[in-house]
Structures are given as C-alpha cells and as structure tokens.
There are 2 protein chains.
Amino acid sequence: MPKLGMEPIRKAALVKATIVEIGRVGSLDVTVSQIAKRAGMSSALAHHYFGSKEEMFLAAMRHILTLYGAEVRGALALADGPESRLRAVLAASFSAANFRREAVGAWLNFWVLAQTVPEAKRLLKVYQGRLRSNLLAGLRPLAGDRAVPIAEGLGALIDGLYLREVLKSGPPDRELAVTTALNYLNSKLEGARP
Amino acid sequence: MPKLGMEPIRKAALVKATIVEIGRVGSLDVTVSQIAKRAGMSSALAHHYFGSKEEMFLAAMRHILTLYGAEVRGALALADGPESRLRAVLAASFSAANFRREAVGAWLNFWVLAQTVPEAKRLLKVYQGRLRSNLLAGLRPLAGDRAVPIAEGLGALIDGLYLREVLKSGPPDRELAVTTALNYLNSKLEGARP
DNA sequence: GTTTTTGTTGATTGACGAGTCAATAAACTT
DNA sequence: AAGTTTATTGACTCGTCAATCAACAAAAAC
C-alpha cells in the first residue's frame, strides 16, 4: 500500500528517531536498524532515503541547528533594546526544547562527530558563529570594545552549562542555567557601564 | 625473551597509547589492535592485562584525572592566600599538559563514555567535585555566600573552554583561556568586594 | 494496458573487531 | 631437573552491522 510522497515524511521520522536514539543510548553507536525501527520502517528503507548512516547523522544535526536558529530568531523578534536581545538569546539557548536531556545528549555526540566528519565540524562552526554574532550585536552597544571577550566567554559558558547538564541525574534545571548565564552577563555589564 | 615485571610497564604503555589514539582518531571507535600496536604489543596481550577495552578506557581516564589532580596539588602548594589559590587552580586546568588537543579530545570522549558507563560517570563526578571544592576554598573568603554560584559558573566556564578548544584548528591558546577565566573571576569578585 | 516511477522489505554479503585459546618460551621455585 | 608462574603471540570464533539486492506492490504516465 505504498502511498506517494512518502519521502519527506519518512526522512523527518528518521531524523527525529536518530536524535531520540542517540540521546537514549548516549553515544553514536546506534545501529541503523535501531533508528529505523523507532521510525517505524525497515533499515533498508532508511538506507534508501539517506544513503548512509553518516548522512542521517548530519541531517539530524542540521535539524537541531535549524530548530535552535528558529527559536533564537523568534525570541529576538519580540525583543527590543540590546539588553532584552541578550536575554532573548539566552532564553532560547536554554529553552525547554533545546535544553532537554535527549537534545543535550545528541549535542554532545555531535561535538564528537565534528572531530571526524568535516561537514559536522562546519555545521557546529556555523552555530558558534551565529551565537557569537547574536551576542555581539547585543553587547556592543553596552560594552563597546570589551564586547568581544565577553561574547567569547559567554559562548563558552553556555556550552559548558550544556556539558554539565549531561552528567547530572534528574531533570534539567533551566532556571539555574539561565540565572548562571545572566549572572555572568550582569557582572560584566556592571563593570563596563559608565 | 620474557623479562619479568612487565605488567606495570605494559599497562602504562597501553594507557598512554589509549589516550593518544582516542585523541588522534577523535572518537572512542578505536580498536584494541590500534592501541596495542601503538603501545608496541599484540592485541592479545592488551586483553591479557586489561581484560576488556572498557577497562582500558577507564584506566586511561583515571590516569588523566590523576595527572590533573597532581598538577593542581602542586600549584596549590606554592600559592598563598585565596586569590593566589584560585589562580593556581586555573593555571593548572589550562596547563600545557592538560590543555592540549590530544588530552582535550580524549576528555570530550570520556564525557561521552560517562553517558553509558557508570564508572566513567563516577570518575567525572569526582573531578567535578574536586574542582568545585578547590574553587570554593578560594572563593569563600572573597565572596562569602556568593561563592557557590560563582564556583558553579566558573566550573562550567572551564569545561566550556575545553569544549571550544576541540573545534578550533591550530594550536591551543592557553593564554586566552586563562585570561577569559580570570576575567570572569575578576568581574565577579569586584562585584562582591566591600 | 503496458511501462515507469515510487515505496517497501527480507535476505544476503562482506568486513571488521572484541575476546578466547593453545602453544611457546624464558625466568623463577623447590 | 622438574614444575610453576609470567610473558607473549598468531590463529580462531562468534557477533554485529552497514550497505546492497532481488523481488514485490501500488500509483502514475503513456
């Protein structure tokens, strides 16, 4: 009973399943069969649509980055003024959608993937660049020359908070993460204000 | 020509080789044969001494943690006063020995390992705990009640700087990392001083 | 109504890799 | 000197898994 136009649906299901499985298993050692099973199809079909496991991983990364990008853009649209924009970026970074065990676990593994797969590295750099320029846009009016190092530090802090989330048991504490980041920001800005 | 008392020597060689190979390949997908070859022996011998690949990984983690611990202790011994102790911890964290591609790459992969292997998680928590208490010891006299969140943030920042090191091409910039962390620290302390 | 395109899978291939084992040899023990 | 312990490896087993293929089904195109 093959219905037509399945391709996008199946691909989407596979991408989702890839993220879930990587998050669940906690490593990139997930088999195509596992992923395909979770997505409700045979492994052969997964290969049919993606060609290789690596392509599946990359598609999953792109998806997470896209989601994150959309979330940031949405939050930025509602913000006005540099300070509010900075808050928006942080809120999006630690939003319920992004800052959950599953996604964070996948994220960590993408970092590992980036060590071997150039395209993965490229994608991660795109993310870093976007984050950086978003932060800089908010910071420059507030901190002038000192914006660059502050953005650097804040970016690292965000990544570090993600990393620590992985080790924790229990549910993610988004409040705490946002507070920590805001705290950093405030102490920096106070130092820079006239 | 079997000389006696080889066990510790071979184990040490394997541990070293494990770290190098993980760092080189950039993932935990290194074969026991690769590691054994680099350590100058057969894979059978590696299994003979460690029993399993997982044990090898854990031994490598313990080794890195031990080195790091020793470095911190050494630096702390020379320091006097809380501020100087904080600097010592940071300097050790970004020392040439710890903050090099190879070690950082291995570190990242241990994080991944911690998601699956409970003992790896335990070890990483030990590291976090030590770092935390070292930072707190220095921070409490300077920041009182605010010491805890500052330590939390600083810990995450250090991990984040490690993480970012992985993505960079070119040699590690220890200066920059230390400066960034010190910067964070200073802006925090200024805010807390009377 | 036949041909082509799209969807789908069970079965198979081929490679690779962790862990085991039997065998060999040197050194230590008694 | 006979026996035991330690060191060492090549060859083998056994599983697993990515990727391919042949085959089948339904819709679309002609």
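Of the residues making up segment A:31-48, those that are touching a residue at least 24 places away in the same chain (Cβ under 8 Å) and surrounded by 18 or more Cβ atoms within 10 Å (Cβ to Cβ) are A:V32, A:A39, A:M41, A:A46. Of note, A:E83 satisfies the criterion of being away from chain B (no Cβ under 14 Å), in contact (Cβ under 8 Å) with a residue 40 or more places away in the chain, away from DNA strand D (no atom under 16 Å from the Cβ) and over 30 Å from B:L108 (Cα atoms).
Residue-by-condition table, conditions (1) near DNA strand D (Cβ under 10 Å from one of its atoms); (2) not in a helix (DSSP H, G or I):
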site: A:G5; (1), (2): yes, yes
site: A:A12; (1), (2): no, no
site: A:K16; (1), (2): no, no
site: A:V20; (1), (2): no, no
site: A:L28; (1), (2): yes, yes
site: A:I35; (1), (2): yes, no
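Residue count for segment B:37-51, restricted to those that are more than 9 Å from DNA strand D (Cβ to nearest atom) and either outside any helix (DSSP H, G or I) or of a type in the set (S, T, N, Q) (or both): 2. Within segment B:164-184, how many residues turn out to be part of a helix (DSSP H, G or I) and either modelled with pLDDT of 90 or more or surrounded by fewer than 18 Cβ atoms within 10 Å (Cβ to Cβ) (or both)? Number satisfying all stated conditions: 12. Scanning segment A:163-180 for residues that are within 8 Å of chain B (Cβ to nearest Cβ) and touching a residue at least 40 places away in the same chain (Cβ under 8 Å) yields A:L163, A:V166. Per the conditions (1) away from chain B (no Cβ under 13 Å); (2) assigned to a helix (DSSP H, G or I); (3) acidic (D, E), the sole criterion not satisfied by A:D159 is (1). When residues in segment A:70-99 are screened for being of a type in the set (S, T, N, Q) and either surrounded by fewer than 17 Cβ atoms within 10 Å (Cβ to Cβ) or in a helix (DSSP H, G or I) (or both), 2 of them pass. Do you know which residues across segment A:11-30 are surrounded by 14 or more Cβ atoms within 10 Å (Cβ to Cβ) and touching a His at 6+ places or on another chain (Cβ under 9 Å)? Result: A:V15, A:K16, A:T18, A:I19.
Candidates are the residues of segment B:19-77 that are farther than 30 Å from B:G138 by Cβ and away from DNA strand C (no atom under 16 Å from the Cβ); the one that is nearest to the other protein chains (Cβ to nearest Cβ) is B:G23.
The values are calculated or read from the model by the stated rules, or taken from the named source; none is laboratory data. What you see is a predicted model, and the numbers here were worked out from it, not measured in a lab. Every residue, glycine as well, gets a Cβ built from its backbone with ideal geometry; the counts of neighbours run over all protein chains shown.
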